[in-house]
Amino acid sequence: MKPFWIKNVSGVLVDLFFIPLILVSLLGSLSRILVDFHGLRSSAVKVVDITAFIVLLYIVSRPLRQKLKKYLNKVLLYFGGARALLLCLVIIVTVLWQIAVVILMTGYSDWDPGKIILASMDKLPNPTYYFSAYPNTHCLLFLERGVWLLSGQLKLESYAVLLSCINIILVDSAVAMVAMVVRHWFGRRYLKVLLSMSWFLIVASPWIVIPYSDVWAFFLVSLTLYLVDCFIRCHQAIYRCLLSVFLGVLSFFRII
């Protein structure tokens with residue numbers, strides 16, 4: 001019994017000291033977002049702080065997890081015969097959350113994403129110096145330049161929101177394609193794990209408001225995996241030829 005007693009005491013000490021320190025560090029680091037992103041609304045930091053606090057509280061509180069699991073089981077039991085409706089509700093809520101994140105958190109960054117946005121709008125001083133040092137961002141510059149011209153040459157704030165909305169489309173479609181691949185290759189069990197981790201770490205995160213090459217790379221890799229999966233499962237020669245062409249074009253974009 002003694003080892004269990006020591007384990008309980010150590011657990012209490014962690015709850016009393018370690019978890020509050022994590023909360024203070026997390027809230028303090030999130031408040032720095034206003035310093036790093038010009039034009040970001042203060043309400044955005046409050047939303048992120050409250051959300052992060054709730055998530056962390058859920059992680060460290062066993063009674064809260066048990067309560068939520070109990071209510072979640074009731075919801076799943078209620079929608080047992082209408083899973084399609086439940087899936088539609090989850091998708092709608094997720095998209096609304098992403099739109100809210102874009103509206104609240106989209107702003108200008110002093111780092112590489114901001115420089116590429118300014119360059120695509122012909123507002124970056126001495127762009128030759130930056131792009132000669134980082135030539136791997138040329139493709140992203142051409143894409144954002146095309147979006148800016150097709151959008152009617154929007155102002156910076158509206159243009160940043162538009163790029164964040166494009167990120168939503170890219171991220172959601174990428175996760176959907178990877179999910180289909182995982183379902184075909186590994187089964188439903190791993191599909192659930194993928195969707196859960198993707199939702200918390202990618203889909204619902206503020207990552208979608210950063211218009212940088214990471215999002216495009218994630219989308220292109222996901223699209224490549226999906227086309228490879230289609231190629232493997234397809235047995236008609238004409239479709240295989242078309243998929244081969246698409247895969248070749250994607251490989252070209254991944255190289256540049």
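The values are calculated or read from the model by the stated rules, or taken from the named source; none is laboratory data. Just so you know, these numbers come straight off a predicted model, no measurement behind them. Cβ coordinates were reconstructed from backbone atoms using ideal geometry, including for glycine residues, and neighbour counts include every protein chain displayed.
What is the one condition in (1) farther than 30 Å from Pro113 by Cβ; (2) within 25 Å of the chain's Cα centre (by Cα); (3) surrounded by fewer than 14 Cβ atoms within 10 Å (Cβ to Cβ) that Ser251 does not satisfy? If we test Ser251 against (1) farther than 30 Å from Pro113 by Cβ; (2) within 25 Å of the chain's Cα centre (by Cα); (3) surrounded by fewer than 14 Cβ atoms within 10 Å (Cβ to Cβ), just (1) comes out false.
Return yes when Leu242 is closer than 17 Å to Met177 by Cα, aliphatic (A, V, I, L, M) and surrounded by 13 or more Cβ atoms within 10 Å (Cβ to Cβ) and no when it is not.
In short, no.
Against the definition (part of a helix (DSSP H, G or I) and either at pLDDT below 90 or under 30 Å from Val90 (Cα atoms) (or both)), how does Lys123 come out, yes or no? Spelling it out, it is not the case that Lys123 is part of a helix (DSSP H, G or I) and either at pLDDT below 90 or under 30 Å from Val90 (Cα atoms) (or both).
Residues that are surrounded by fewer than 16 Cβ atoms within 10 Å (Cβ to Cβ), farther than 18 Å from His184 by Cα and not hydrophobic (A, V, I, L, M, F, W, C) within region 206-239 comprise Asp214, Gln236, Tyr239, listed in sequence order. For region 80-90, the condition of being surrounded by 11 or more Cβ atoms within 10 Å (Cβ to Cβ), assigned by TED's automatic domain parsing to the domain that holds Leu201, closer than 23 Å to Ile208 by Cβ and at pLDDT 85 or above holds for none of the residues.
With respect to the conditions (1) at pLDDT 85 or above; (2) closer than 28 Å to Asp112 by Cβ, Leu156 falls short on a single one, namely (1). Being at pLDDT 85 or above and in the same structural domain as Ser109 (by TED's automatic domain parsing) is a description that applies to Ser164. Exactly one residue among Ile169, Ile117 is touching a residue at least 12 places away in the same chain (Cβ under 8 Å), of a type outside the set (Lys, Arg) and out of contact with any Asp or Glu (no Cβ under 6 Å at 6 or more places or on another chain), and that residue is Ile117. Here the condition is being in contact with a Lys or Arg (Cβ under 7 Å, 6 or more places away or on another chain), in the same structural domain as Asp122 (by TED's automatic domain parsing) and aromatic (Phe, Trp, Tyr); of Phe231, Phe252, Phe186, it holds for Phe231 alone.
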